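Enquirer: Here's a structure for you.
The values are calculated or read from the model by the stated rules, or taken from the named source; none is laboratory data. These numbers come from a predicted model, not from an experiment. No Cβ is skipped: glycine too gets one built from the backbone with ideal geometry, and neighbour counts run over all protein chains shown.
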Amino acid sequence: MMSAEPMIVSRAADARPRVLVVDDEAPIASAIARYLRTRGYEVETALSGDAALERLELEPFSLILCDVRMPGLSGVEVVSRALAVDEDVAVMMLTGVNDAPTATDALARGALDYLLKPVELTDLEQAIERALHKRGHGI
């Protein structure tokens with residue numbers, strides 16, 4: 001006899017925070033996505049700022065983890081455009097370039113954090129949890 005428990009588990013799984021990882025380097029986006037999935041997040045990837053915004057317009061995400069330097073739209077440009085689409089989405093920057101003016105600009109546009117690559121995955125996860133908590137999407 002089947003119980004109703006699988007339905008409850010299914011609903012709980014649907015409540016997982018959805019993260020959109022945006023990086024023009026597919027191996028980096030895939031590696032971060034794989035790690036976050038093991039930590040209980042539902043994760044999608046986009047290889048450009050334009051692709052990320054298209055995804056955001058079609059489906060909600062709790063958090064966007066975005067590279068700063070990409071062809072086309074920069075990650076900094078993605079911040080304000082993403083927040084225009086969904087003011088509740090948490091946006092975090094992840095970059096290989098330690099550039100104070102760019103960090104300041106990204107944070108001024110609404111990014112919640114600015115992390116440098118390479119980042120320890122446990123530090124990344126803690127930063128994501130802080131950002132989700134700030135936006136009321138905590139797990």
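Enquirer: Taking Gly40 as the residue in question, decide whether it is part of a loop (DSSP other than H, G, I, E, B), within 21 Å of Lys134 (Cα to Cα) and free of Cβ contacts under 8 Å to residues at least 40 places away in the same chain. Step through it out loud before you land on a result.
Expert: Details: part of a loop (DSSP other than H, G, I, E, B): yes; within 21 Å of Lys134 (Cα to Cα): yes; free of Cβ contacts under 8 Å to residues at least 40 places away in the same chain: no.
No.
Enquirer: Ok, one more. Return only the number of the condition from (1) more than 17 Å from Leu115 (Cβ to Cβ); (2) within 15 Å of the chain's Cα centre (by Cα); (3) at pLDDT below 95 that Ala51 does not satisfy.
Expert: Result: Ala51 passes all but (3).
Enquirer: Here's another thing I want to ask about it. When residues of the range 100-115 are filtered for being surrounded by 15 or more Cβ atoms within 10 Å (Cβ to Cβ) and either of a type outside the set (Phe, Trp, Tyr) or modelled with pLDDT under 95 (or both), how many remain?
Expert: The initial filter retains those residues of the range 100-115 that are surrounded by 15 or more Cβ atoms within 10 Å (Cβ to Cβ), namely 102-103, 105-107, 109-115.
After this cut, where a residue has to be either of a type outside the set (Phe, Trp, Tyr) or modelled with pLDDT under 95 (or both) as well, the list is 102-103, 105-107, 109-113, 115.
The total comes to 11.
Enquirer: Which of the residues spanning the range 1-27 are aliphatic (A, V, I, L, M), modelled with pLDDT under 95 and in a helix (DSSP H, G or I)?
Expert: Within the range 1-27, the first condition is being aliphatic (A, V, I, L, M), and the residues that meet it are 1-2, 4, 7-9, 12-13, 15, 19-22, 26.
Checking the rest, the ones that are also modelled with pLDDT under 95 come to 1-2, 4, 7-9, 12-13, 15.
Answer for the range 1-27, where residues must be aliphatic (A, V, I, L, M), modelled with pLDDT under 95 and in a helix (DSSP H, G or I): Met7, Ile8, Val9, Ala12, Ala13.
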